[in-house]
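What follows is one structure encoded as structure tokens, with my remarks underneath.
Please treat every number below as a calculation from the coordinates, not as lab data. This is a predicted model, so every value here is computed, not measured. As a convention, Cβ positions derive from the backbone with ideal geometry for all residues, glycine included, and neighbour counts pool all protein chains shown.
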Amino acid sequence: MNPDAQKSSLNGARQGAGAAAWCPACGRPLTDKQSLVVEYWRADEVIYDCYCSKCEWNGEIVVGPRVVIAEYAD
Ligand SMILES: [Zn+2]
């Protein structure tokens, strides 16, 4: 990994920690004692496996160096 890519990956990890601070479903903080955030890595992605005790949403927040977006036909 070149230094620029590594720096970008580290910046992504810092941004992800902020992204996993709040529930993407209800917007409440995931920092209460009943909620759960587990951080792990897959290749160059940082993954936050989350459970929100307020709305019971669970899922992954993925922070990576690229975004894949579907483009619908007209
Ligand atoms: Zn929630």
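Place a point 7 Å from the Cα of residue 54 along the Cα-to-Cβ direction; which residues of segment 20-48 have their backbone N under 17 Å from it?
20-37
Please give the length that would be gained between residue 31 and residue 44 if that part of the chain were fully extended, namely 0.36 nm times their separation in residues minus their C-alpha to C-alpha distance (nm, one decimal).
Extending this stretch completely gives an extra 2.2 nm.
Which cross-chain or sequence-distant (5 or more) residues have an amide H under 5 Å from the amide H of residue 22, H modelled 1.01 Å from N in plane?
30
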